[in-house]
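Here's the structure we're looking at; comments come further down.
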Amino acid sequence: MTDMRQVLLLATVVAGLGVGEPHTAHAQIIDPEWRATQAAIKADEQKQCRHMTLTRKFQCQEQLQETYTAKGLVSGTMPYVRRRFGGESVQELDQEIRSINRTYSQARRLNGYEYPLSGELTADMQQGNVSYLSRLIEEKGGMSPLLPFGNR
């Protein structure tokens, strides 16, 4: 992962459901920047969306989410990838994809139904980042071929 973001891996032990089953360890990827963004969204929701009917409250929360997404503050979205990685070379973008895949393969949750921890980068966010990084690579002309086929 990039030096700009410090990612913490919190090891969590998940107990087996049956008697005598071994415990399986896995980790969540916690991003302090995402944690701060979540706190800011929640604070804005409490200020702007209170004293509303349930429907209006959901609409208000959705608008706030869209605002933060448009600013490039929500991981797993194209605005985030453009803000965070837009200035990087194709090779650096490829390395970022490899880093995400390597880190996330070690941190994948066993149960996708658990509510994410504060600041946790979810599977959907990580998959979104990889997808949008790939799209950014294509926009920048794609990866150069590894072997020069035309020069024999």
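Every number in this text was worked out from the coordinates using simple rules, so none of it is lab data. Bear in mind the structure is a predicted one, so any value in this text is a computation, not a measurement. We place every Cβ from the backbone using ideal geometry, glycine too, and count neighbours over all the protein chains shown.
Just tell me which lysines come within less than 23 Å, Cα to Cα, of Lys140; anything on the same chain fewer than 8 places away is out.
Within the straight-line limit of under 23 Å, Lys140 reaches these lysines: Lys71.
Ordered by packing density, taken as the mean number of other Cβ atoms within 10 Å over each peptide's residues, highest first, how do 41-53, 59-71, 125-137 rank?
125-137, 59-71, 41-53
What net charge is computed for the residues neighbouring Glu139, neighbours being all others with C-beta under 13 Å from the C-beta of Glu139, Lys and Arg scored +1, Asp and Glu -1?
After counting each charged neighbour, the total is +1.
Residue separation times 0.36 nm, minus the C-alpha to C-alpha distance between Gln65 and Ala123: what's the value? Spell out each step's value before the answer.
On the way: separation 58, 0.36 × 58 = 20.88 nm, distance 1.85 nm.
Going from the current span to full extension adds 19.0 nm.
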